[in-house]
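Student: Shown below is the structure under consideration.
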Amino acid sequence: MGLRARIAPLVVLAAMLAGGAHAEKFRYGAGPPVPGDTVYSSATTAAEPVVRSRGPKVPPTNFEVLSTVADVAYDRGMKGCPVDSGGRILMAPSESHPLNFMIEHSLLQHLARRGVAVQVRRSLIPDDSLMAASSSGDPILEYQLATARITYLRLRGWLPGRVKIERQGLVEGTLTLRDPETSTILWSGTATYNLVDAFPRSRLAFVEDARFNELRAQVPGRSIDKALEPVVVIAIVAGLIALFFQNRP
């Protein structure tokens, strides 16, 4: 083999190496995602509010009914109370009741509208501790909640799915304004009001609250006469229709 034949392959190899030195380089911006350390997943909270012009109709709960009744009862009961705007009083219960917080809220709303500053006490005040309880000498307004209950009066309607329960919300109580220095009663008032409405029987579990017995009641049943009444009415109507078609010429 001649010298020229031996040099030719070397020249070609050198040319290839020289061209490879100027080859285009590729760089990756990011690699594949790194897998997590665990296969467990966590839930993501996703609220889907119902947006429309009119929402579904739901009956007020027993608590809402009693709150409305208490607002009206103690708002009326406070009429004539000699507490002027800008004055100060100490408010406290005169008896323990699980729904005293409801009456406290009703009275605070009323006194706020009258512009009266209120110091709230949630425990009973003994008669011999009136001055100690009201160190500033402000009058003491004591409220008593005698009755706050829900009563289911009767069932209305007889068609399945259309039966309603008629309920009554009742609140009764008293109010007393006393002078802390002499224990003299400056004023007293009576708070009482009731409200009757009806709600679908299928919503019974929705309106009741198991925490308070006052917000639950016994659902009235139907007597035999009441159960037979729709059957008798249907039979009479069917008989009249039959007679009408029989007497047609």
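Student: Would you mind getting the Kirkwood hydrodynamic radius of segment 33-97 from its Cα pairs, rounded to one decimal in Å?
Tutor: On the way: mean 1/r = 0.0525 Å⁻¹.
Mean inverse Cα-Cα distance, inverted, gives 19.1 Å.
Student: For S188 and E166, what is the calculated FRET efficiency with R₀ set at 25 Å and r taken between the beta-carbons, to the nearest 0.05? Write down the numbers at each step before the final one.
Tutor: On the way: r = 34 Å, r/R0 = 1.35.
Calculated value: 0.15.
Student: I've got another one for you. Segment 83-142: Rg/Rh from Cα coordinates, Kirkwood Rh?
Tutor: Numbers: Rg = 11.5 Å, Rh = 12.0 Å.
A ratio of 0.96.
Student: Taking the highest mean first, how do the peptides 181-192, 130-141 order by number of other beta carbon atoms within 10 angstrom per residue? Before the final figure, lay out the partial values.
Tutor: Details: 181-192: 14.0, 130-141: 16.3.
So the peptides 181-192, 130-141, ranked by packing, come out 130-141, 181-192.
Student: Run the numbers for E208 and A46: contour at 0.36 nm per residue of separation, minus the present Cα-Cα distance, in nm. Write out the running numbers ahead of the final one.
Tutor: On the way: separation 162, 0.36 × 162 = 58.32 nm, distance 2.87 nm.
Answer, rounded to one decimal: 55.4 nm.
Student: I'd like the FRET efficiency for S129 and R88, computed as 1/(1 + (r/R0)^6) with the beta carbon distance as r and R0 of 22 Å, rounded to 0.05. Spell out each step's value before the answer.
Tutor: Working: r = 19 Å, r/R0 = 0.86.
Computed FRET efficiency for S129 and R88 comes out at 0.70.
Student: How far is it, in nm, from the label point at K57 to the one at V219 when both lie 7 Å from their Cα along the line to the Cβ?
Tutor: 2.0 nm
Student: Using every Cα-Cα pair within segment 61-162, state what percent have a distance larger than 19 Å. Spell out each step's value before the answer.
Tutor: Details: 2622 of 5151 pairs.
When all Cα pairs of segment 61-162 are counted, 51 percent exceed 19 Å.
Student: Just how many % of Cα pairs in segment 117-191 lie over 21 Å apart, if you round to the nearest whole percent?
Tutor: On the way: 1333 of 2775 pairs.
So the pairs more than 21 Å apart make up 48 percent of the total in segment 117-191.
Student: Also, I was wondering about something else. Measure off 7 Å from each Cα along the Cα-to-Cβ vector at V233 and T147, then give the distance between these two points in nanometres to one decimal.
Tutor: About 3.1 nm, to one decimal.
Here, each number is a calculation from the coordinates, and none is a lab measurement. Just so you know, these numbers come straight off a predicted model, no measurement behind them. Virtual Cβ from ideal backbone geometry, glycine too; neighbours counted across all protein chains shown.
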